[in-house]
Amino acid sequence: MIWVVVVCEGRTERDFVMQILGPELTDSNVFVEARLIPTSPKGKGGALSGQRVLRFLRDTLRQRPDTYVTTFFDLYRLPTDFPGVGASSSDPLERAAAIEEELHKEVRLLAQRRPDRFLPYIQPHEFEALLFSDTSHFAREQPEWEQPAEELAAARRGAASPEHINDGEDTHPSARLKQLPGYRKVRHGPALAERIGLDCMRRECAHFGNWLTRLESLPVLR
């Protein structure tokens, strides 16, 4: 049995991991627990800062030697003190990979634990990019979304992949979803993801698909 702690950016990512990703991974004997980083005495999730992330990952890796730890953070608007955030590649997948490499390096030095237990993951550009894998499901979720879904489909066709939909102030994936009347990030995000399915998302989103493959292929820690 393989245990993985997924440190998530916010509630939407946490719900996606627990409702969609977790059940799928059990087929590979991988069991996940999603966690949010405390940001105040009563608050968790969001408001990432580089130092807060590093401390939480260090402490999580030190809690148990028999668990893997991974992350599920958005590339969009990572804080300026986040490890590797200065990576300059114009390709979002290459930039995410460079940030993951730097994050791994810093956490490994800080935690002083087996490096193979930590698998950093940064989603280009946001979790919502995954929902652009098949926009035909938007109207099935809410019939009144049929018209705006056509515009979202055009945005998908205009990018190399859903993960390449850009990081513009008004054009990043979650900003575009504001065209859907009544769209609620936490409520509708995981619901749409369930309709679209992981097979489609991993096929359309290479960086996400590679992460899933790594999680499915983890060996038992000894």
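The values are calculated or read from the model by the stated rules, or taken from the named source; none is laboratory data. These figures come from a predicted structure and were not determined experimentally. Positions of Cβ are backbone-derived with ideal geometry, glycine not excepted, and every protein chain shown enters the neighbour counts. What goes into the accessible areas is simple: the full protein's heavy atoms, side chains included, and nothing from ligands, DNA or RNA. Shrake-Rupley method; radii C 1.70, N 1.55, O 1.52, S 1.80 Å.
Values computed for the structure shown
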| quantity | calculated |
| --- | --- |
| Given (1) closer than 24 Å to Gly45 by Cα; (2) among the hydroxyl-bearing types (Ser, Thr, Tyr); (3) over 15 Å from the mean Cα position of the chain (by Cα), number of the condition Thr135 does not satisfy | (1) |
| Residue match in segment 80-88 (condition: more than 17 Å from the chain's Cα centre (by Cα), hydroxyl-bearing (Ser, Thr, Tyr) and over 27 Å from Val186 (Cα atoms)) | yes |
| Wholly enclosed helices (runs of 4 or more DSSP H) of segment 22-132 bearing at least 3 residues in contact (Cβ under 8 Å) with a residue 40 or more places away in the chain and open to solvent by less than 70 Å² (accessible area, probe 1.4 Å) | 50-63, 92-111 |
| Matching entry among Pro92, Pro115 (being in contact with a His (Cβ under 8 Å, 6 or more places away or on another chain), at pLDDT 95 or above and more than 23 Å from Val4 (Cα to Cα)) | Pro92 |
| Filtered residue count, segment 196-211, keeping only those that are in contact (Cβ under 8 Å) with a residue 60 or more places away in the chain and not in a loop (DSSP other than H, G, I, E, B) | 10 |
| Enumeration of residues in segment 173-195 that are assigned to a loop (DSSP other than H, G, I, E, B) and either open to solvent by 20 Å² or more (accessible area, probe 1.4 Å) or under 15 Å from Phe16 (Cα atoms) (or both) | Pro181, Gly182, Tyr183, Arg184 |
| Any hit, segment 143-153, residues being open to solvent by less than 50 Å² (accessible area, probe 1.4 Å), assigned to a helix (DSSP H, G or I), at pLDDT 95 or above and within 30 Å of Val53 (Cβ to Cβ) | no |
